[in-house]
1. Are there any strands (runs of 3 or more DSSP E) wholly within segment 18-87 with 3 or more residues that are touching a Gly at 6+ places or on another chain (Cβ under 8 Å) and either within 15 Å of the ligand (Cβ to nearest atom) or in contact (Cβ under 8 Å) with a residue 60 or more places away in the chain (or both), and if so which?
2. What residue, among those in segment 88-125 that are of a type in the set (D, E, K, R) and outside any strand (DSSP E or B), is least open to solvent (accessible area, probe 1.4 Å)?
3. Can you name every residue in segment 5-17 that is in a loop (DSSP other than H, G, I, E, B), in contact (Cβ under 8 Å) with a residue 12 or more places away in the chain and not polar (S, T, N, Q)?
4. Does T168 satisfy the condition of being more than 25 Å from G53 (Cα to Cα) and in contact with a Ser or Thr (Cβ under 8 Å, 6 or more places away or on another chain)?
5. Among the residues that make up segment 20-39, is at least one of them open to solvent by 40 Å² or more (accessible area, probe 1.4 Å), hydrophobic (A, V, I, L, M, F, W, C), at pLDDT 95 or above and over 20 Å from G140 (Cα atoms)?
Amino acid sequence: MAKLKIRIYPDPALAQETAPHTTFGPADQQLFDDMIETMYASDGVGLAAPQAGILKRIFVCCPSMKRGEEFVMVNPRIESSSGEAVDAEGCLSLPGISADITRATTLELTYQNRYGNLCRTTAKDFFARVIQHEMDHLNGNLLIDHFSGRKREELLKQYDLAKAAEKTGKPRT
Ligand code: NI
C-alpha cells in the first residue's frame, strides 16, 4: 500500500467537479486501500479522491476512528436530509484551521461500496457531518467556501499564518 500525497489549498484539484467512478477492479481496490491508508496516516476521519488529485466521485471515511470500520463510498447521493447542527470542522487540505459549519443531522444516502454494490444507509450526527464534508469535496468545495466576505478572509489569513509557522518549524502560539 502506498501513502498518497494530500493536496492542500489552493491546489486546483480541490476546486473541480468530479466524474462518476465506474470500475471496481484490482487497480481500484488498490486505490481504495491507498486512500484508507492515507486517511489513517494523516489522522483524518475522511478523505475524498480530489484531495489525492483524483477527480472521481469517491471518498473514504471512518467516523468511529476504529481501523476496520471504514467505509468506501463511490458515487454517493444524498436522497434526503433533515435536522441542523453547528460544529467545528477541520480539513486535511486546510491544515491549521477549523470553522463552525452548519450541517444536516440525518441523511438518507445511497452509494456504491468498494465492489460496486448499491448500498443504502441512514447516517446521523458525526457520521452525517463527515459525509457532507466529503460530498463537498466531490463538488469542488472546501469548508472556507461556506463563508464569504470578512469571515472568509479571516480564515484564509489564519491558514497562511499556520502554513508559515509550519515552514519555519516554530511552535504555534
Ligand atoms: Ni476535507
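The values are calculated or read from the model by the stated rules, or taken from the named source; none is laboratory data. Everything numeric in this text was worked out from a predicted model, so none of it was measured. Every residue, glycine as well, gets a Cβ built from its backbone with ideal geometry; the counts of neighbours run over all protein chains shown. To get the accessible areas, we keep the full protein, side chains included, count just its heavy atoms, and leave off ligands, DNA and RNA. Shrake-Rupley method; radii C 1.70, N 1.55, O 1.52, S 1.80 Å.
1. Here the list reads 58-61.
2. Checking each candidate, the answer is R114.
3. K5, I6, R7, I8, Y9, D11, E17
4. no
5. yes
To keep it simple, each residue is scored yes or no on (1) at pLDDT below 95; (2) loosely packed, with under 15 Cβ neighbours inside 10 Å; (3) in contact with a Ser or Thr (Cβ under 7 Å, 6 or more places away or on another chain).
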| residue | (1), (2), (3) |
| --- | --- |
| I6 | no, no, yes |
| L14 | no, no, yes |
| E17 | yes, yes, no |
| G46 | no, no, no |
